[in-house]
1. Identify all residues within the range 36-57 that are in contact with a Leu (Cβ under 9 Å, 6 or more places away or on another chain) and not polar (S, T, N, Q); write none if there are none.
2. Output the number of the condition that Glu303 fails; it satisfies all remaining conditions of (1) closer than 21 Å to Gln172 by Cβ; (2) out of contact with any helix residue (DSSP H, G or I) (no Cβ under 6 Å at 6 or more places or on another chain); (3) surrounded by 17 or more Cβ atoms within 10 Å (Cβ to Cβ); (4) at pLDDT 95 or above.
3. Tell me, please, whether a residue that is part of a loop (DSSP other than H, G, I, E, B), out of contact with any Gly (no Cβ under 9 Å at 6 or more places or on another chain) and among the hydroxyl-bearing types (Ser, Thr, Tyr) can be found in the range 75-98.
4. What is the residue count in the range 123-155 for residues that are closer than 22 Å to Ala83 by Cβ, more than 18 Å from the chain's Cα centre (by Cα) and either free of Cβ contacts under 8 Å to residues at least 12 places away in the same chain or not in a loop (DSSP other than H, G, I, E, B) (or both)?
5. Of all residues in the range 69-116, count the ones that are in contact with a strand residue (DSSP E or B) (Cβ under 7 Å, 6 or more places away or on another chain), more than 14 Å from Glu38 (Cα to Cα) and hydroxyl-bearing (Ser, Thr, Tyr).
6. Taking the condition assigned to a loop (DSSP other than H, G, I, E, B) and not charged (D, E, K, R), does Leu334 pass?
7. Considering only the range 90-110, I want to know if a residue exists there that is free of Cβ contacts under 8 Å to residues at least 40 places away in the same chain, crowded, with 17+ Cβ neighbours inside 10 Å and over 17 Å from the mean Cα position of the chain (by Cα).
Amino acid sequence: MARWLRFGAVFGAMLLSASSVNANSEQPAIPLQSHLIEVNGHQLHVHQKGKNQENPLLILLSGPTDNWHSDSAWWIVAQNFLAKNYQTMAIDRAGQAWSERIEQPSYRQFAEDLKVLLSKDGFVDSKQKLVVVAFASSNLSLNLLLTEHAITERMQGLILIDPDVLTAHSLQHYTAETEGYKKGWQGLEDYIRSGKYDKRISQKLETERQHLESMIPAKYRSQIDWDYYEAVEMIRQTREYQIHKFLEASVYKEDLEAAKQQPLPETLPLVVLDTDFESAYLEPLEDETVKASIALWRQEGIEWYFELAQSSKCGAYWPVETQEHLLMMTQPELIEQAIEKVLACSE
């Protein structure tokens, strides 16, 4: 999860004046090198880059940042960087980017979708070796995906970037907000549909864009595809997208609990990349209870990540001295080094 937010504060922020900004924008055209693939009765968006078939296929999965936006736009820089040496697929969960919305979105459903997609005749060679790079909460789907023996056999390694921490306090910390979505669902949905959330989401998107522009190092600015990012941004600002986003978040507790019951296979090489993004949330806070919860979450994360690495056949825990969560935008070379590490282990 990107951060801890208070449910009441979110609804308080919604009480801004209504605006109709882009409320009825049409879905932008699907980009070049993208496909819509039918799985389990709905379509998933897959963005492909790179042609090197000698190396394993990289599967790039996104989780949420501060505003629960959780799509392939966060992979733009790293995917272009990694595509020089690898075939890559950034895969969007139902309702994210161009993937079709469904009635019951969840990380559990995405795991089932991935099982079909990564075995689909004519799309992915059933013998193709795989490496998964999972950002933030996407590790929940990964845990459940790897219950499929045929997929695990093809897997050569896993890279986890700030994965969700599956410990008791952290699960409670993550879901303090999302359980509120569930209890107040009808009111939340009606609020968004009424247009009263439009202005707030426009502000959030502008803040995201400004942060993105400021974070990308000069040496990687040529790697970002602004047309792709702006197209996804158009989707994020629609009311239907926002409703679907919150709907998925409302079952976050169930996703966490399901993943906790299915630990990662210890036979797979693994690198955990752990940024210090949580510390950035502590600085402006005055509520000591919230600060204590974040501090404990952070400490649990360090210990749990280290334990994951220790349990792996060839695991490594790499702390990263940065408060920037989106390593895919700032340090793609570190991700490539982690990939090289797991591949060296699997030889």
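1. Leu36, Ile37, Glu38, Val39, Leu44, His45, Val46, His47, Lys49, Gly50, Pro56, Leu57 - these are the residues of the range 36-57 that are in contact with a Leu (Cβ under 9 Å, 6 or more places away or on another chain) and not polar (S, T, N, Q).
2. Going through the list (1) closer than 21 Å to Gln172 by Cβ; (2) out of contact with any helix residue (DSSP H, G or I) (no Cβ under 6 Å at 6 or more places or on another chain); (3) surrounded by 17 or more Cβ atoms within 10 Å (Cβ to Cβ); (4) at pLDDT 95 or above, Glu303 breaks only (3).
3. First pass over the range 75-98, keeping only residues part of a loop (DSSP other than H, G, I, E, B): 83-87, 92-98.
Checking the rest, the ones that are also out of contact with any Gly (no Cβ under 9 Å at 6 or more places or on another chain) come to 92-98.
Now restrict to residues that are among the hydroxyl-bearing types (Ser, Thr, Tyr): none.
Scanning the range 75-98 turns up no residue that is part of a loop (DSSP other than H, G, I, E, B), out of contact with any Gly (no Cβ under 9 Å at 6 or more places or on another chain) and among the hydroxyl-bearing types (Ser, Thr, Tyr).
4. Of the range 123-155, the ones closer than 22 Å to Ala83 by Cβ are 123-125, 127-136, 138, 142, 154-155.
Among the residues that remain, those that are also more than 18 Å from the chain's Cα centre (by Cα) are: 123-125, 127-130, 154-155.
The next check asks that each one be either free of Cβ contacts under 8 Å to residues at least 12 places away in the same chain or not in a loop (DSSP other than H, G, I, E, B) (or both); those that pass are 125, 130, 154-155.
Qualifying residue count, the range 123-155: 4.
5. So the count comes out to 3.
6. Details: assigned to a loop (DSSP other than H, G, I, E, B): no; not charged (D, E, K, R): yes.
For Leu334, the condition - assigned to a loop (DSSP other than H, G, I, E, B) and not charged (D, E, K, R) - is not met.
7. So far as the range 90-110 goes, no, none of its residues is free of Cβ contacts under 8 Å to residues at least 40 places away in the same chain, crowded, with 17+ Cβ neighbours inside 10 Å and over 17 Å from the mean Cα position of the chain (by Cα).
The values are calculated or read from the model by the stated rules, or taken from the named source; none is laboratory data. This structure is a prediction, so every number in the text was calculated from the model and none was measured. A quick note on method: Cβ atoms are made from the backbone with ideal geometry, for glycine too, and the neighbour counts reach across all protein chains shown.
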